[in-house]
1. With θ taken as phi - 60° and the coefficients 6.51, -1.76 and 1.60, list the Karplus ³J(HN,Hα) couplings across region 99-108 in order, rounded to whole Hz; mark glycine and proline as x.
2. Taking 1 over the mean of 1/r across every pair of different Cα atoms in region 74-221, what Kirkwood radius in Å do you get?
3. Using only Cα atoms, locate the centre of region 123-170 and the centre of region 80-120, then give the distance between them in Å, rounded to an integer.
4. If amide hydrogens are placed 1.01 Å from N in the peptide plane, which non-local residues have theirs closer than 5 Å to the one on VAL78?
5. Going by C-beta contacts inside 10 Å, put GLU182, GLU130, GLU102 in order with the fewest on the left.
6. Going by amide H atoms built from the backbone, whose H comes under 5 Å of the H on ARG135, apart from near neighbours?
7. Exposure proxy check: THR117, THR157 ranked by fewest other beta carbons within 10 Å?
8. Going by average Cβ neighbours within 10 Å, how do the peptides 49-55, 32-38, 120-126 rank, with the highest at the top?
Amino acid sequence: MTGADPGAQRNSDAAGAQPAASHVTGPPGGVVPPERVIDTRIVYRGHYLEYRVLTIERPDGTRSQRDIVGHPGAVAIVALDPDDQILFVRQFRLAAGEALLELPAGTLDVDPDSGATENPDAAAARELEEETGFRAGRIERLGEFWTAPGFATELMTLYLATDLRPAEDHDRLGADEDELLELERLSVDDALAAVDSGAIRDAKSIVGILRLARLRGGPAGGG
């Protein structure tokens, strides 16, 4: 998907541009030239999302529009308990219309005064404790990925957390007020089976489970 809005082709045609199909094939060597943003219109600012309509210009001079959701970024954590089980949280997702089983995860905080975005390493430790009640003696970064690059700027950083211990009640970070979470555990094999069966359908969780399996030389690693 290109992320173009439904009227982009009509706008290009009206301006005398070539049909979009003429831009499908990239230049030799697989290097795709970037699109240049020539205008940005902020449509709406929410609690932490920003909705933008960008006017872009391609290298050949043709123009189009892109609907973009600005997102500060997020983290997801593959947390392994002493029994080698993965911690999950089950929560209702309104957009999906159902409760989903997911890895602990969350959005990077943004300072309202300075506009500074939270460091992902700090966010991973915070989200793990808020959503599961555990702290990690060791947490390592596994990589990062774009969650929906066709229309959103959300870059998610994935972590592996081990050596878990419960946070003390007197200073534990709790879940957000609008979150109702149920903690569940699955073995790595059961988590992989849940991905295969469709019981786990959350994208970041699928990425995390398969990444862990690859680290261990399992099915996701291709042998």
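Laboratory data are not the source of any read-out in this text; all were calculated from the coordinates shown. Computed from a predicted model, the values in this text were never measured in an experiment. Here the Cβ is made from the backbone with ideal geometry for all residues, glycine too, and neighbour counts use every protein chain on show.
1. For region 99-108, the Karplus curve yields 7, 10, 8, 9, 5, x, 6, x, 7, 5 Hz.
2. Values: mean 1/r = 0.0634 Å⁻¹.
With all distinct Cα pairs of region 74-221 included, I get 15.8 Å.
3. Measuring centre to centre over Cα atoms gives 7 Å.
4. Long-range HN contacts for VAL78: TYR159, LEU160, ALA161.
5. Working: GLU182 10, GLU130 18, GLU102 23.
With the fewest neighbours first, GLU182, GLU130, GLU102 line up as GLU182, GLU130, GLU102.
6. Here ARG165, ALA167 satisfy the definition.
7. Values: THR117 14, THR157 20.
The most exposed by this proxy come first: THR117, THR157.
8. Working: 49-55: 15.4, 32-38: 11.0, 120-126: 18.6.
By packing density, highest mean first, the sequence is 120-126, 49-55, 32-38.
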